[in-house]
1. Consider W16 against the criteria (1) within 16 Å of the ligand (Cβ to nearest atom); (2) of a type outside the set (K, R); (3) open to solvent by 20 Å² or more (accessible area, probe 1.4 Å): it satisfies all of them except one. Which criterion is unmet?
2. Mind listing whichever residues of segment 91-146 are open to solvent by 50 Å² or more (accessible area, probe 1.4 Å) and on the phi > 0 side of the Ramachandran plot?
3. Kindly list, by first and then second residue, each pair from a residue in segment 121-146 that is in contact (Cβ under 8 Å) with a residue 60 or more places away in the chain to a residue that is surrounded by 11 or more Cβ atoms within 10 Å (Cβ to Cβ) and among the β-branched types (V, I, T), limited to pairs with Cβ atoms under 6 Å and residues at least 6 apart or on different chains.
4. In segment 66-89, is there at least one residue being closer than 28 Å to A46 by Cα and open to solvent by 50 Å² or more (accessible area, probe 1.4 Å)?
5. Looking only at helices (runs of 4 or more DSSP H) that fall completely inside segment 63-146, which ones have 2 or more residues that are of a type in the set (D, E) and over 30 Å from G36 (Cα atoms)?
6. Can you spot a residue in segment 39-57 that is within 9 Å of the ligand (Cβ to nearest atom) and touching a residue at least 24 places away in the same chain (Cβ under 8 Å)?
7. Among the residues of segment 81-135, write down those that are within 9 Å of the ligand (Cβ to nearest atom) and not aliphatic (A, V, I, L, M).
8. Is it the case that some residue within segment 49-72 is on the phi > 0 side of the Ramachandran plot and of a type in the set (G, A, S)?
Amino acid sequence: MYLWIKAFHLCAVIFWMAGLLYLPRLFVYHSVAQAGGELEAKMEEAEAKLLRIIMNPAMIVAFVLGLVLIGYNWGNGPAGLQLWLWVKVLAALSLIAYHGFLAKTRKAFLGGGRPKSEKFFRRINEVPALVTILIVVLAIVKPVFG
Ligand code: HEM
């Protein structure tokens, strides 16, 4: 059962990450769209759908299955979990916070708002990319600290 849960955890993570990396790209186009124009309306719709249909459900599934996996692993380390897994969970929580930031930013665009520059949204993808590298290295290498 454990491996099945882990497999679906990873599927959900993949869908979630796709959205986390793609939404800022939509914000780039949205930033240069004319306020009140046709492109702006299309971007607002695309952003809302991406969050509602893909990102929110995928995040919830990834998180809930992650908690179930934590349940299985509980007691394996000095503080309940092994240290690498604690760091992985903290890094995953930072992606949830980033998801919240993107959802808030989507709302700030509504009604012609331009919360940040186009350049900002081009650069911001480096943050989830680096956190993902950290999480995957921790989850696969499972380094022993100390
Ligand atoms: C949302 C919160 C998350 C929680 C609570 C969580 C928790 C867990 C737990 C407890 C495991 C089992 C570890 C093991 O069997 O050794 C696991 C596996 C895994 N997680 Fe997550 N995770 C979360 C998000 C993520 C994210 C965002 C990623 C990737 C960016 C990710 C990638 C992985 C990978 C690759 C594995 C498989 C490790 C292995 O092969 O054993 N997880 N996760």
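1. Going through (1) within 16 Å of the ligand (Cβ to nearest atom); (2) of a type outside the set (K, R); (3) open to solvent by 20 Å² or more (accessible area, probe 1.4 Å) one by one, W16 breaks only (3).
2. G111, K142, G146
3. F121/V28; R122/V28
4. Within segment 66-89 (the criterion being closer than 28 Å to A46 by Cα and open to solvent by 50 Å² or more (accessible area, probe 1.4 Å)), the answer is no, since none of the residues qualifies.
5. Ranges flagged: none.
6. Scanning segment 39-57 turns up no residue that is within 9 Å of the ligand (Cβ to nearest atom) and touching a residue at least 24 places away in the same chain (Cβ under 8 Å).
7. Q82, W84, K88, P128, T132
8. So far as segment 49-72 goes, no, none of its residues is on the phi > 0 side of the Ramachandran plot and of a type in the set (G, A, S).
The values are calculated or read from the model by the stated rules, or taken from the named source; none is laboratory data. Since the structure is predicted, the reported quantities are computational estimates derived from the model, not experimental observations. Positions of Cβ are backbone-derived with ideal geometry, glycine not excepted, and every protein chain shown enters the neighbour counts. In case anyone asks, the SASA skips ligands and DNA or RNA and just uses the protein heavy atoms, side chains included. Shrake-Rupley method; radii C 1.70, N 1.55, O 1.52, S 1.80 Å.
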